[in-house]
Amino acid sequence: MNLHDLFAIARHRTPDKLALQFRTGDKPAETFSYAELFGAADRLAAGLHDWGLQKGDHVAFYLDNCPEFVIAYLAVIRLGAVMVPINRRYRRREIGHILTDGTPRLLITEAAQLPILDDVDAEAKASLEDILVVEDLSEWQTDAAEFAPPVVEGDDTALIMYTSGTTGRSKGAMISHNNVLATMTGLLSAWAWEHDDVLLLVLPLFHTHGLVVGLHCALAAGATTLLRRKFDSTETVNELLSGESTLFFAVPTIYVRVVDELRQRSEPIDMSHMRLFCSGSAPLAPETLKAFRDLTGHTILERYGMTETGMNLSNHYAGPRVPGSVGAPLPGVAMRIVNEQGEDVTPGEEGEIWLRGSNVFSSYWQAPEKTLESFTRDALGRRWFHTGDMARQDPESGYVTLLGRQHDLIISGGFNIYPREIEETLTTFAGVREAAVIGAPHPEWGEVPVACLVVEHEIDEDEIIAFCKRELAGFKAPREFRYFDELPRNAMGKLQKHLIELED
Ligand code: MLC
Ligand code: AMP
């Protein structure tokens, strides 16, 4: 079974139903029925096939949310080709790394992003044979009447998503149709998706949360997606109050902003039409959950996932929804919590989460050694994926609380920030001898990067921030700089970040 086999149910059962509505700013909404959306995808698949796109080829996407993103994605996977999404906030170096490593033949983007791509080193673009600009999408489409898509199996790769760059360079997690199907089928039942659900989707489609948890489940359920180009707190709250949607998925930063916006409203807050609010990708503060419940009457359902594994754990839809907990394993997900020796801890003790299930990816693209170190085989030969997330499981309820991460990773507003990457950038700035980047708690973003520097002479902070933003996505620029005579290191010379004191 491949993803289109599942989408075919809604496509053929309810062809005239609204699949996708897209709106940005004051522009009129664009709408696509199931027949229109999949018809457009088939015509593009036929055109891409004529262009020469083959099963297994990689196609990079550097795009904000738009209908063309969805159409192009459905076309690419229809051909058994592989989407390689790139975070739209990424800049020269980050894009260059993904293009170099991911070797796409084709890149799909918008005309407005071409100058950013022009900035990327030519060698990084060596594998690219063409760029499809979505404004010209119709020129790439051909008649699909005679088009016969290739056979695509469940084990074929659908996505390569770049993540987990604890060494400074992210690696591509190869995610198969079966992996995505496993997450979708788990969520469709666990969250009781219905075909008359309407999902308000403001999360970016270049990440698992928006793409797999949001778009895929909605298409598989035969539901409607109200896709927005980006999150805007005023517009989102207006839409949530308008009564059109039943589902809303977001990262905690978005809920913090929605709470702020709701507090400013004088009109009555009636969200009785909403069936479910979910949060994930970063820890939801219990205060946010409580404030949201006080304002709307809804208890946000928190779940835990990962690019490599899709969705893993979730609070139960029918309750209880426990603040600060990510719930229990979803259907089909097996979990262990283990100590440093890889032995199961006694329930209630802290350990690392290991997972297995059809949702778990098979390997990192062209990084066999990284794949090998990310999995352990048990006595029965079953492969367990090491998440790097530390957790404790309540012995009675089975609910899990996440306690932190083993790896050096900052999660800001649901985006991953690898300190090593910023450190490498900072030390190329004139006058910076050493740099350590650590995550500081922040009420809105969850965590923000703070740079601890050893400098040779005074540096201009505005200049170094501008430098970081030229080299890297803006959200990775340090929010604060602290200066030290030296950074704490152990006898081997290894940086001891946990010994850095940030207090004034
Ligand atoms: C934007 N900015 C951020 C940021 N996003 N800073 C820190 N952290 C972030 N996440 C900065 C920009 O660089 C810019 O600064 C300023 O904020 C305003 O930019 P913006 O574009 O207007 O921001 P905004 O649209 O408000 O974005 C905030 C946001 C966005 C929360 C809507 O970050 C977002 O969409 N986050 C969701 C990420 C997500 O989907 N994660 C799922 C990963 S999947 P300046 O100074 O440069 O102008 C995963 C698995 C799982 O983790 O379990 O789901
Ligand atoms: P990514 O690599 O972008 O897929 O991010 C996955 C990581 O996000 C996980 O390994 C967790 O550390 C974190 N994460 C996801 N959901 C939650 C959650 N509900 N609470 C805390 N952390 C989360």
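The values are calculated or read from the model by the stated rules, or taken from the named source; none is laboratory data. Everything numeric here is computed off the predicted structure, so don't read it as measured data. Methodologically, a virtual Cβ is constructed for each residue, glycine included, from the backbone with ideal geometry; neighbour enumeration extends over all protein chains shown. In case anyone asks, the SASA skips ligands and DNA or RNA and just uses the protein heavy atoms, side chains included. Shrake-Rupley method; radii C 1.70, N 1.55, O 1.52, S 1.80 Å.
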**OP:** Would you mind getting the accessible area per residue of the chain, heavy atoms of the protein chains only, 1.4 Å probe, in Å²?
**Re:** 42
Subject >> Percent accessible area from carbon and sulfur atoms, the range 18-61, protein chains only, probe 1.4 Å >> reply: 46
Original post:
the range 378-457 to the range 1-55: how many Å between their Cα centroids?
Top reply: 37
Original post:
Counting only the heavy atoms of the protein chains, how much of residue 418 is accessible to a 1.4 Å probe, in Å² to the nearest 10?
Top reply: 10
Subject >> Whole-percent carbon and sulfur share, accessible surface of the range 410-499, 1.4 Å >> reply: 50
Original post:
Counting other Cβ atoms within 10 Å of each Cβ, which trypsin sites (Lys or Arg not before Pro) in the range 399-504 have at most 10 and sit in a DSSP loop?
Top reply: 494
**OP:** Could you state how much accessible area residue 205 has, in square angstrom rounded to the nearest 10, with a 1.4 Å probe and all protein chains kept in place?
**Re:** 0
Subject >> Tensor-based shape of the chain (alpha-carbon gyration tensor, a/c under 1.5 rounded, otherwise prolate or oblate) >> reply: rounded
Original post:
Given 0.36 nm per residue, what is the gain on full extension from residue 118 to residue 51 after removing their alpha carbon distance, in nm?
Top reply: 21.8 nm
Original post:
Between residue 500 and residue 456, what is the spin-label point distance in nm, taking each point 7 Å from the Cα along the Cα→C-beta axis?
Top reply: 2.0
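Let me have the 222 nm mean residue ellipticity of the chain computed from DSSP H runs of 4+ only, each contributing -39500 (n - 2.57), with the sum over all residues rounded to the nearest 500.
-8000 deg cm²/dmol
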Original post:
Using 0.36 nm per residue, how much length does the chain from residue 440 to residue 350 gain when fully extended, once their Cα-Cα distance is taken away?
Top reply: 30.1 nm
Original post:
Residues of the range 188-204 with amide nitrogen under 18 Å from the 7 Å Cα-to-Cβ point of residue 31?
Top reply: 196-201
Original post:
Within the range 189-222, whose backbone N sits under 15 Å from a point 7 Å along Cα→Cβ of residue 89?
Top reply: 203-210
Original post:
What is the local net charge at residue 258, summed over the other residues whose Cβ is closer than 12 Å to its Cβ (Lys, Arg +1; Asp, Glu -1)?
Top reply: -3
Original post:
Of the heavy-atom accessible surface of the range 239-295 (probe 1.4 angstrom), what whole percent is carbon and sulfur?
Top reply: 50
Original post:
How much length is gained on full extension from residue 334 to residue 136, taking 0.36 nm per residue of separation minus their Cα-Cα distance?
Top reply: 66.8 nm
Subject >> the range 265-290 and the range 318-372: distance between their alpha carbon centers, rounded to Å >> reply: 27
**OP:** Calculate the length of the line joining the C-alpha centroid of the range 138-164 to that of the range 168-213, in whole Å.
**Re:** 17
**OP:** Apply 1/(1 + (r/R0)^6) to the Cβ-Cβ distance of residue 403 and residue 491, taking R0 = 35 Å, and write down the FRET efficiency to the nearest 0.05.
**Re:** 0.80
Original post:
Considering the zone a paramagnetic label at residue 380 would reach in this model (a point 7 Å from Cα along the Cα-to-Cβ line), which residues of the range 336-362 have amide N under 13 Å from it?
Top reply: 336, 356-357
